[in-house]
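The values are calculated or read from the model by the stated rules, or taken from the named source; none is laboratory data. Note that the coordinates shown come from a computational prediction; the quantities given were computed from them, not determined experimentally. Every residue, glycine among them, receives a Cβ derived from its backbone with ideal geometry; neighbour counts consider all protein chains shown. For accessibility, only protein heavy atoms count, side chains too; no ligands or nucleic acids. Shrake-Rupley method; radii C 1.70, N 1.55, O 1.52, S 1.80 Å.
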Amino acid sequence: MTLNEIVKQFNINDKINDISPYGEGHINDTYLVTCDSNQYILQRINTKVFPNYYGLMDNIQQVTKFIHSSKNSENSVCLKFYQSSQGDLTFKDESGCYRLCDFIKDSYVYQTVEDASVLEEAGKCIGLFISQLDSFDASSLCEVIENFHHTAIRFDTFNKSLKQNKANRKNNVEKEIEFVLNRKQFACEIVSKIDSKELPLRVTHNDTKLNNILFSNTTKKALCLIDLDTIMPGSLLYDFGDAVRFACSTAPEDEKDLDKVHFDISLYESFTKGFLEGIGKNITPLELEMLNVGAKMMTFECGMRFLTDYLDGDEYFKVKYAEHNLVRARTQFKLVYEMEQKEQQMRDIAYKYYSNGGVQ
Ligand code: ADP
Ligand code: GN1
Ligand code: MG
């Protein structure tokens, strides 16, 4: 079937004028569908990454419904998916599994940002998302990707890939390998506290990079989080940290010139301020204390995942050239290194906004 025919399976009753690849996601194939009346987003779900796409769509449905019906949802925008001729929210043919949702009008995403107010907005949006889901029953959600942010297991997976050396690339990256291996102890810091129940499991988004937040063209405010595929039980530190690793860098995730890549502490301050405002009272003292660990962990984990994929021969993330995953891994490790140097400042920032009433 052509993409045109596939869109028609969603019964939108709108004349299709154009279908073009859209966005910068690393996982799904995304298309902007322009019709006479509306625009839509068509996605071919990456079923290698998400084999349980029924469970995934069910998670999204439950969570978006819950947010819509919650008390403080007056201004929240939510993704709306269409039912297909196959009777559910996906359409499957020999080329894959597709879904269609409304393109959120007058919205855009940032790939990088220098403006402190955008960071504060992003922080607020993510904090609010977690607090809106505070009373959601996590046991009704399926774990779409097992151990997604279990950094200790990610560390073991990295070691296996290193031993296998499938793509024969190990010798090019000795420095990067050493960077990872030197942080074996660190990799356990969050998961061990989840295991001991010192850190609570919540319902989290788990993929909060900046280009998964829609902003309004008109008000410049954050509208909503998109890319809801990885919603599942997780730690607040994951959502805080993953956003920081991407949004508080002075350069894109795949910048080749490492001299341009820095962890920007003033962007971190703006993001943290917004996040603590959005999360309100829904944060424990240990979570607050460990926000900086979350940022460092998610950056380390992501770098390790990019390097693992590089060693495997680029099986997971979409790449545009042979060294793309390696370039990405290097930016993440540079950021980790700089976060290690700024640990105390990062901790002080969390308490600054805590004592200013951000949390109380
Ligand atoms: P991936 O999982 O591959 O990252 P996303 O769901 O994040 O896919 O979509 C990729 C990009 O498409 C987003 O970064 C955003 O720019 C755009 N996008 C996705 N859904 C919408 C939507 N409903 N409205 C507007 N833009 C969207
Ligand atoms: C992927 O889907 P996307 O592009 O928003 C990945 C995240 C990584 C990110 C790195 C399901 O996010 O975990 O942090 O790339 N998503 C999945 O940019 O693996
Ligand atoms: Mg995305």
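Listing for the model above:
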item: Phi to ³J(HN,Hα) by Karplus 6.51 cos²θ - 1.76 cosθ + 1.60 over the stretch 18-23, Hz, x for Gly, Pro; result: 7, 9, 10, x, 9, x
item: Solvent-accessible area per residue, Å², over the chain with all protein chains present [probe radius 1.4 Å]; result: 45
item: 29 Å Cα-Cα threshold exceeded, pairs from K65/K184; K80/K220; K48/K124; K273/K318; K8/K318; K124/K197; result: K65/K184; K48/K124; K273/K318
item: Order by protection proxy (mean Cβ within 10 Å, highest first), peptides 119-132, 321-334, 274-287, 188-201; result: 119-132, 321-334, 274-287, 188-201
item: Helix runs (DSSP H) in the chain reaching 15 Å along axis by Cα, Kyte-Doolittle at least -1.0; result: 53-69, 116-132, 151-164, 236-247, 265-279, 291-312, 324-341
item: Percent carbon-and-sulfur accessible area, the chain, ignoring ligands, DNA and RNA, probe 1.4 Å; result: 48
item: Selection from I67, I16, Y54 lying farthest towards where the dipole of the stretch 1-143 points positive, charges on Cβ; result: Y54
item: Residues S266 and S196, FRET efficiency given R0 of 35 Å [Cβ-Cβ distance, rounded to 0.05]; result: 0.50
item: Interchain or long-range residues, amide H under 5 Å from A251's placed H; result: H262
item: Shape category assigned to the stretch 182-330 from the gyration tensor of Cα positions, a/c cut at 1.5; result: oblate
item: Estimated FRET transfer efficiency (K184, K15; beta-carbon r; R0 45 Å; 0.05); result: 0.20
item: Taking N as its residue count, the alpha carbon Rg of the chain over 2.2 N^0.38 Å; result: 0.98
item: Semi-axis lengths, Å, the stretch 74-152, gyration tensor of Cα atoms, sqrt of 5 times eigenvalues; result: 28, 21, 16
item: For the stretch 96-109, Karplus couplings with θ = phi - 60° (6.51, -1.76, 1.60), whole Hz, Gly/Pro x; result: x, 10, 10, 9, 10, 9, 5, 6, 5, 4, 6, 10, 8, 10
item: Ellipticity estimate at 222 nm from DSSP helix runs (n ≥ 4, -39,500 (n - 2.57)) divided over the chain, nearest 500; result: -13500 deg cm²/dmol
item: Peptides 34-42, 53-61 ordered by average Cβ neighbours within 10 Å, highest first; result: 53-61, 34-42
item: Charge dipole of the chain about the Cα centre (unit charges at C-beta), most positive-ward option of L237, L181, V77; result: L181
item: By average C-beta atoms within 10 angstrom, highest first, the peptides 260-270, 103-113; result: 260-270, 103-113
item: FRET efficiency estimate (nearest 0.05) - Cβ-Cβ, D93 to A167, R0 45 angstrom; result: 0.90
item: Cα gyration tensor shape of the stretch 24-64, rounded if a/c is under 1.5, else prolate or oblate by comparing a/b with b/c; result: oblate
item: Solvent-accessible ranking of D314, D134, largest area first, probe 1.4 Å; result: D134, D314
item: Relative contact order (%) - criterion: Cα under 8 Å, at least six apart; region: the chain; result: 19
item: The stretch 137-202 shape via C-alpha gyration tensor axes, a/c threshold 1.5; result: oblate
item: Residues of the stretch 1-28 with amide N under 11 Å of the 7 Å Cα→Cβ point at S37; result: 12-15
item: Residue list for the stretch 27-55, given a label point 7 angstrom along the Cα-to-Cβ vector of K65 and an amide N cut-off under 15 Å; result: 55
